[in-house]
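Written below as structure tokens is the structure these notes are about.
The values are calculated or read from the model by the stated rules, or taken from the named source; none is laboratory data. Computed from a predicted structure; not experimentally measured. Every residue, glycine as well, gets a Cβ built from its backbone with ideal geometry; the counts of neighbours run over all protein chains shown.
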Amino acid sequence: MRFRQWLKFGQRITPRVVADTNVLVSGSLVSVGAPARIIQAARDRRIALVSCPLLLAEYADVMGRPHIAKKYREAARVGQATLEFLRVKATLVAAIPQQRIVPDDPDDDVVIACAVEGKARYVVTGDPHLQRLGEHAGIRILSPRQFVTQVLHET
């Protein structure tokens, strides 16, 4: 399926995407690579991000860790800017898991709950526990590289 689908009257369908915390952190801190391209696609409005308070809190926690700040001098500034972008531009849902979906890591159930509640078409993650699912409730679970090549059609 092509990334840009056109309706009869020329309206573009923008895919709704849950970017897992690991994708957001990587894309915020490193300006090249698939995670950065995913964040840029969101900023360019080629995709619509879906998130929830738990994922935003997790992102803020990771970006504020001392080892991150030590390695990436701009982590605090970039983290705040990305959080503000997500709070303003992402579709935010409650994402309270109702059932166990990820058998190896129940903490990941919130990502799936976020995608289901937010009617996302994709979850993008580097987490092998989520990637092993492949899909859930019609939502495709892809690595950042897979998403960039298969959905954004970039190389």
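Can you name every residue in segment 28-74 that is of a type in the set (A, V, I, L, M, F, W, C) and in a loop (DSSP other than H, G, I, E, B)?
Listed by number, the residues that qualify are Val30, Val32, Ile47, Cys52.
Taking the residues in segment 45-71 that are within 15 Å of the chain's Cα centre (by Cα) and of a type in the set (Gly, Ala, Ser) as candidates, determine which candidate is surrounded by the most Cβ atoms within 10 Å (Cβ to Cβ).
Ser51
Do you know which residues across segment 110-139 are assigned to a strand (DSSP E or B) and closer than 19 Å to Val93 by Cα?
Matches in segment 110-139: Tyr122, Val123, Val124, His136, Ile139.
Mind counting the residues in segment 83-101 that are outside any loop (DSSP other than H, G, I, E, B) and in contact (Cβ under 8 Å) with a residue 24 or more places away in the chain? Talk me through it step by step, then tell me what you get.
As a first pass, look at segment 83-101 and keep what is outside any loop (DSSP other than H, G, I, E, B): 83-89, 91-92.
Those still in the list that are in contact (Cβ under 8 Å) with a residue 24 or more places away in the chain too: 83, 85-87, 89, 91-92.
Total satisfying the criteria: 7.
Could you check segment 72-106 and list, in sequence order, the residues that are among the polar types (S, T, N, Q) and under 16 Å from the mean Cα position of the chain (by Cα)?
The answer is Thr82, Thr91.
Does Ala75 satisfy the condition of being of a type outside the set (Phe, Trp, Tyr) and surrounded by 19 or more Cβ atoms within 10 Å (Cβ to Cβ)?
So Ala75 passes the test.
Which residue is surrounded by the most Cβ atoms within 10 Å (Cβ to Cβ), if the candidates are limited to segment 118-134 and must be over 14 Å from the mean Cα position of the chain (by Cα) and touching a residue at least 24 places away in the same chain (Cβ under 8 Å)?
Step one: filter segment 118-134 for residues over 14 Å from the mean Cα position of the chain (by Cα), giving 128-129, 132-134.
Subset that is touching a residue at least 24 places away in the same chain (Cβ under 8 Å): 129, 132-133.
On the way: His129: 15, Arg132: 11, Leu133: 18.
Once the filter is applied, the top-ranked residue is Leu133.
Kindly indicate the residue of segment 102-123 that is in contact with a helix residue (DSSP H, G or I) (Cβ under 6 Å, 6 or more places away or on another chain) and over 15 Å from Cys52 (Cβ atoms) and also modelled with the lowest pLDDT among those meeting that condition.
Of everything passing the filter in segment 102-123, Asp104 is modelled with the lowest pLDDT.
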